[in-house]
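The values are calculated or read from the model by the stated rules, or taken from the named source; none is laboratory data. This structure is a prediction, so every number in the text was calculated from the model and none was measured. Positions of Cβ are generated from backbone atoms using ideal geometry, with glycine treated the same way; all protein chains shown enter the neighbour counts. Accessible surface is based on the protein model in full, side chains and every heavy atom, while ligands, DNA and RNA are left aside. Shrake-Rupley method; radii C 1.70, N 1.55, O 1.52, S 1.80 Å.
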Amino acid sequence: MNNDTIKLLRECNLGCKMAVNSLNQISEYITNPKFADLVNKSIEEHEKLGDETAQKLAEAGVNEKEPGTMTFAFSWFATEMKMMMKDTDGEAAKLMIDGCSMGIQSIGEKKNHFKEAEQEAVKIASDLIKIEETLIKELETYL
(Lines give C-alpha, C1' and ligand atoms only; values in the text may rest on other atoms or scores of the structure.)
Protein backbone atom coordinates (compact mmCIF):
# COMPACT_ATOMS: atom_id res chain seq x y z
CA MET A 1 0.00 0.00 0.00
CA ASN A 2 1.57 3.28 -1.07
CA ASN A 3 1.76 6.47 1.00
CA ASP A 4 -1.02 8.30 -0.88
CA THR A 5 -3.35 5.34 -0.36
CA ILE A 6 -2.64 5.31 3.38
CA LYS A 7 -3.19 9.07 3.66
CA LEU A 8 -6.45 8.96 1.73
CA LEU A 9 -7.77 6.02 3.76
CA ARG A 10 -6.84 7.81 6.98
CA GLU A 11 -8.71 10.93 5.88
CA CYS A 12 -11.79 8.89 4.94
CA ASN A 13 -11.66 7.10 8.28
CA LEU A 14 -11.32 10.41 10.11
CA GLY A 15 -14.23 11.86 8.13
CA CYS A 16 -16.42 8.91 9.08
CA LYS A 17 -15.51 9.31 12.76
CA MET A 18 -16.29 13.02 12.69
CA ALA A 19 -19.61 12.37 10.95
CA VAL A 20 -20.67 9.68 13.43
CA ASN A 21 -19.75 11.92 16.36
CA SER A 22 -21.69 14.88 14.94
CA LEU A 23 -24.71 12.80 13.93
CA ASN A 24 -24.90 11.22 17.38
CA GLN A 25 -24.74 14.65 18.99
CA ILE A 26 -27.41 16.22 16.78
CA SER A 27 -29.72 13.20 17.05
CA GLU A 28 -30.55 14.22 20.62
CA TYR A 29 -32.34 17.31 19.28
CA ILE A 30 -34.42 15.66 16.55
CA THR A 31 -38.13 15.28 17.22
CA ASN A 32 -39.46 13.90 13.91
CA PRO A 33 -39.31 10.06 13.93
CA LYS A 34 -38.63 9.84 10.18
CA PHE A 35 -35.82 12.36 10.53
CA ALA A 36 -34.40 10.34 13.43
CA ASP A 37 -34.50 7.20 11.25
CA LEU A 38 -32.62 9.06 8.51
CA VAL A 39 -29.92 10.11 10.98
CA ASN A 40 -29.61 6.58 12.36
CA LYS A 41 -29.30 5.17 8.84
CA SER A 42 -26.56 7.69 8.08
CA ILE A 43 -24.73 6.80 11.29
CA GLU A 44 -24.78 3.14 10.22
CA GLU A 45 -23.48 3.99 6.73
CA HIS A 46 -20.63 6.08 8.13
CA GLU A 47 -19.76 3.42 10.71
CA LYS A 48 -19.68 0.73 8.02
CA LEU A 49 -17.41 2.74 5.75
CA GLY A 50 -15.27 3.76 8.72
CA ASP A 51 -14.89 0.10 9.70
CA GLU A 52 -13.92 -0.76 6.13
CA THR A 53 -11.19 1.89 6.09
CA ALA A 54 -9.97 0.83 9.53
CA GLN A 55 -9.71 -2.77 8.36
CA LYS A 56 -7.73 -1.80 5.25
CA LEU A 57 -5.37 0.31 7.35
CA ALA A 58 -4.94 -2.50 9.89
CA GLU A 59 -4.17 -4.99 7.11
CA ALA A 60 -1.39 -2.64 6.01
CA GLY A 61 -0.12 -2.35 9.59
CA VAL A 62 -1.06 1.33 9.80
CA ASN A 63 -2.81 3.07 12.67
CA GLU A 64 -5.98 5.05 12.13
CA LYS A 65 -5.84 8.83 12.33
CA GLU A 66 -7.64 10.14 15.40
CA PRO A 67 -9.46 13.47 15.43
CA GLY A 68 -7.85 16.06 17.63
CA THR A 69 -9.45 16.83 20.96
CA MET A 70 -9.81 20.48 20.02
CA THR A 71 -11.55 19.56 16.76
CA PHE A 72 -14.13 17.47 18.62
CA ALA A 73 -14.54 20.10 21.33
CA PHE A 74 -15.05 22.94 18.85
CA SER A 75 -17.54 20.92 16.80
CA TRP A 76 -19.47 19.90 19.93
CA PHE A 77 -19.52 23.46 21.29
CA ALA A 78 -20.61 25.03 17.99
CA THR A 79 -23.46 22.54 17.60
CA GLU A 80 -24.63 22.99 21.19
CA MET A 81 -24.63 26.77 20.88
CA LYS A 82 -26.57 26.78 17.62
CA MET A 83 -29.13 24.28 18.87
CA MET A 84 -29.60 26.18 22.15
CA MET A 85 -30.46 29.29 20.16
CA LYS A 86 -32.84 27.54 17.76
CA ASP A 87 -33.79 24.00 18.81
CA THR A 88 -35.72 22.80 15.74
CA ASP A 89 -35.49 19.97 13.25
CA GLY A 90 -34.92 22.60 10.57
CA GLU A 91 -31.88 23.95 12.40
CA ALA A 92 -30.57 20.41 12.89
CA ALA A 93 -30.97 19.78 9.15
CA LYS A 94 -29.07 23.01 8.36
CA LEU A 95 -26.20 22.02 10.64
CA MET A 96 -26.08 18.56 9.10
CA ILE A 97 -26.07 20.00 5.56
CA ASP A 98 -23.19 22.27 6.56
CA GLY A 99 -21.31 19.26 7.95
CA CYS A 100 -21.95 17.21 4.82
CA SER A 101 -20.74 20.07 2.64
CA MET A 102 -17.53 20.35 4.66
CA GLY A 103 -17.03 16.59 4.39
CA ILE A 104 -17.54 16.62 0.62
CA GLN A 105 -15.09 19.49 0.25
CA SER A 106 -12.47 17.92 2.52
CA ILE A 107 -12.58 14.41 1.05
CA GLY A 108 -12.84 15.72 -2.51
CA GLU A 109 -9.75 17.84 -1.93
CA LYS A 110 -7.83 14.89 -0.43
CA LYS A 111 -8.94 12.60 -3.26
CA ASN A 112 -7.56 15.08 -5.79
CA HIS A 113 -4.40 15.72 -3.77
CA PHE A 114 -3.36 12.10 -3.27
CA LYS A 115 -3.08 11.34 -6.97
CA GLU A 116 -1.10 8.11 -6.50
CA ALA A 117 -3.72 6.52 -4.22
CA GLU A 118 -4.78 3.05 -5.26
CA GLN A 119 -8.17 2.68 -6.92
CA GLU A 120 -9.66 0.95 -3.87
CA ALA A 121 -8.97 4.01 -1.68
CA VAL A 122 -10.26 6.39 -4.36
CA LYS A 123 -13.48 4.34 -4.53
CA ILE A 124 -13.91 4.57 -0.75
CA ALA A 125 -13.44 8.35 -0.92
CA SER A 126 -16.00 8.53 -3.73
CA ASP A 127 -18.41 6.37 -1.72
CA LEU A 128 -18.07 8.70 1.27
CA ILE A 129 -18.76 11.72 -0.92
CA LYS A 130 -21.81 9.95 -2.35
CA ILE A 131 -23.14 9.23 1.17
CA GLU A 132 -22.81 12.92 2.03
CA GLU A 133 -24.43 14.11 -1.21
CA THR A 134 -27.36 11.73 -0.75
CA LEU A 135 -27.82 12.84 2.84
CA ILE A 136 -27.95 16.50 1.79
CA LYS A 137 -30.75 15.73 -0.67
CA GLU A 138 -32.67 13.77 1.98
CA LEU A 139 -32.21 16.55 4.55
CA GLU A 140 -33.84 19.17 2.34
CA THR A 141 -37.22 17.75 3.40
CA TYR A 142 -36.59 18.91 6.96
CA LEU A 143 -35.55 22.52 6.28
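In whole Å and largest first, what semi-axes does the C-alpha gyration tensor of region 18-59 yield when each eigenvalue is scaled by 5 and square-rooted? Numbers along the way, then the final one.
Values: eigenvalues 128, 19, 3 Å².
Here the semi-axes work out to 25, 10, 4 Å.
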Applied in sequence order to region 36-47, the curve 6.51 cos²θ - 1.76 cosθ + 1.60 (Karplus, θ = phi - 60°) yields integer Hz couplings, x standing for Gly and Pro, of 4, 4, 4, 5, 4, 4, 5, 4, 4, 5, 5, 5
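Ignoring ligands, DNA and RNA, what percent of the 1.4 Å accessible area of the chain is carbon and sulfur? Write out the running numbers ahead of the final one.
Numbers: 4380 of 8230 Å².
Roughly 53 percent of what the probe reaches on the chain is carbon or sulfur.
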Sequence order, region 124-137: Karplus ³J(HN,Hα) from phi using 6.51 cos²θ - 1.76 cosθ + 1.60, θ = phi - 60°, Hz rounded, Gly and Pro as x, gives 4, 4, 5, 5, 5, 4, 4, 4, 5, 4, 5, 4, 4, 4
Two pseudo-spin positions, 7 Å from Cα along C-beta at A58 and at D127, lie apart in nanometres by 1.6
